[in-house]
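Colleague: Below is the structure I would like to discuss, written out as structure tokens.
Computed from the coordinates by the stated procedures, all read-outs in this text should not be read as laboratory data. Just so it is clear, the model here is predicted, and its values are computed rather than measured. No Cβ is skipped: glycine too gets one built from the backbone with ideal geometry, and neighbour counts run over all protein chains shown.
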Amino acid sequence: MKARLCWVLLLAAIAGCSGMVPKLERPELQVVGVELQRGDLFSQQLRVRMRVTNPNDRVLPVRSITYQVELAGEPFAQGESERNFEVPALGSTEFDVGMTANVAGVLLRMLGGGNRQTMDYRLTGKVQLASGLLRSIPFEEKGSLDLR
């Protein structure tokens, strides 16, 4: 009887805690600058300056952002943020991301595609938070780039 009561109390406590996990709206990301660090025909190292806007009423302490980019279904770039940073509540901040890209591969796909006017992209990754109950926020964006 005591064991059953303990299990019921434990399950009730867990169910109560699930309502305490904060609901976070997804931050918005914008590219504000790109700088070529080094590269050759098959691989380019870029530093990308991003602006992140936080629509939430609490500070987001970001440990890292990792991501992968696909163009036309093929890997194009991958990278990770270079340092920890905080995004103020209802505010924005800028940060740098190191990126390894293959521009030559994309150019070959564009040339081989005939008179292509758009190219599909897919961005996936995750945001690792430095604190809080929710530590990892996965994301995925899909769309088309206008090539005209």
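Colleague: Quick one: pull the percentage of alpha-carbon pairs in region 25-146 with a separation above 18 Å. List each step's numbers first, then the result.
Modeller: Values: 4173 of 7381 pairs.
Within region 25-146, distances greater than 18 Å cover 57 percent of Cα pairs.
Colleague: Between Glu35 and Glu74, how many nm apart are label points set 7 Å from Cα along the C-beta direction?
Modeller: Simple spin-label model gives 3.0 nm for this pair.
Colleague: What is the magnitude of the charge dipole of region 25-146 about its Cα centre, with +1 placed on the Cβ of each Lys and Arg, -1 on the Cβ of each Asp and Glu, and no other charges, expressed in debye to the nearest 20? Let's see the in-between values first.
Modeller: Numbers: 14 positive and 16 negative charges, 31 e Å.
It works out to roughly 140 debye.
Colleague: Along the positive direction of the dipole of region 25-146 (beta-carbon charges: Lys, Arg +1; Asp, Glu -1; about the Cα centre), which of Pro138, Val32, Val103 reaches farthest?
Modeller: About the Cα centre, the residue reaching furthest to the positive side is Pro138.
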